[in-house]
Amino acid sequence: MLFRSRDRAATVRELGDIIAAAGHDRGNVLIPAFAIGRSQELLYLLGKNFDAWQLRRWQIFLDSPMAIEASTVYWRHAERYDAEALRMRAAFTAMPVLTNLHLCRTPDESRAINALRSHALVIAGSGMCNGGRVLHHLRHNLGRSECHVVITGFQAAGTLGRALVDRAPFVRIHGLPVRVEAQVHTLGGLSAHGDRADLLRWYGRSEEHTSELQSQFRISY
């Protein structure tokens, strides 16, 4: 199964719809995500749409020590922000920018999340569900039809994430069978990998650089 890319605006709308549906169902939302890049992008979207998605009703968890440290680096380098991100950052004095965002550094903080039966939105690694803290959250929530799992990136064959995307009725987590009753969604518009147009543009630019270097080399030689 291919991970299909889609329009960015449509992807953002779909994420908002998923959160709204999970709120209506009184379930949790689990988002397996890579610690660098994807987690920060998700936090940005949550902050940008905080009111529109009624996120005050939720408890949001960034359950990854690496993602927390990476997010801190992102926060410190505002010189890399675009105008929209700068406007959002100006409204806050420090990270985290979401008033209900919990930064879970310790295992005990992570385990405590699983006591919440509804309105917990959890971003945790690993991105393909092959390890990390997200496995514990999946084990506690996959069997609940009111919960939603949001897949935000390509899932390689043989990974747990791929099994979820392929709608496997059962998966194995920590050696134990877990029935999949939760609703699984794939968001194709958050991919950080270049598409055909990006690759062609990169290739064309690399040829230009090669020609420039060759010309400079001949002149200096």
Take each of the peptides 173-179, 41-47, 9-15, average the number of other beta-carbon atoms within 10 Å over its residues, and list them starting from the highest. 41-47, 9-15, 173-179
Summing Lys, Arg as +1 and Asp, Glu as -1, what charge do residues with Cβ under 15 Å from the Cβ of Arg139 carry, Arg139 excluded? +4
For Val150, Val73, give me the order by solvent-accessible area with a 1.4 Å probe, most accessible first, ignoring ligands, DNA and RNA. Val73, Val150
What is the distance in Å between the Cα centroid of the range 158-180 and that of the range 48-75? 26 Å
Through the Karplus equation 6.51 cos²θ - 1.76 cosθ + 1.60, θ set to phi - 60°, convert the phi angles of the range 34-43 into ³J(HN,Hα) values in whole Hz; use x for Gly and Pro. 5, 5, 10, x, 5, 4, 5, 5, 5, 4
What is the distance, in nm, between label points placed 7 Å from the Cα along the Cα-to-Cβ direction at Arg105 and at His174? 2.4 nm
Mind checking the per residue accessible area of the range 1-84 for me, 1.4 Å probe, whole number of Å²? 54 Å²
Taking 30 Å as R0, compute the FRET efficiency from the Cβ-Cβ separation of Gln59 and Ala157 and round it to 0.05. 0.30
Expressed as a whole percentage, what fraction of the accessible surface of the range 1-158 belongs to carbon and sulfur atoms when a 1.4 Å probe is rolled over the protein heavy atoms? 55 percent
A correct Karplus calculation of ³J(HN,Hα) over the range 105-120, with 6.51 cos²θ - 1.76 cosθ + 1.60, θ = phi - 60°, whole Hz and x for Gly and Pro, returns 8, 9, x, 5, 5, 5, 5, 5, 4, 6, 7, 8, 9, 7, 6, 10
State the extension gain, in nm to one decimal, for the chain segment bounded by Ala21 and Val73, taking 0.36 nm per residue of separation less the distance between their alpha-carbons. 15.4 nm
Using 0.36 nm times the number of residues separating Arg205 and Lys48, minus their current alpha carbon distance, what extension gain do you get? 53.2 nm
Cβ crowding within 10 Å averaged over residues, with 159-169, 28-38, 62-72 ranked highest first: 28-38, 62-72, 159-169
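The values are calculated or read from the model by the stated rules, or taken from the named source; none is laboratory data. Being a predicted model, the structure only gives us computed values, none of them experimental. Ideal geometry is used to build each Cβ from the backbone, glycine not excepted, and the neighbour counts take in all protein chains shown. Calculation scope for accessible area: heavy atoms of the full protein, side chains included, ligands and nucleic acids excluded. Shrake-Rupley method; radii C 1.70, N 1.55, O 1.52, S 1.80 Å.
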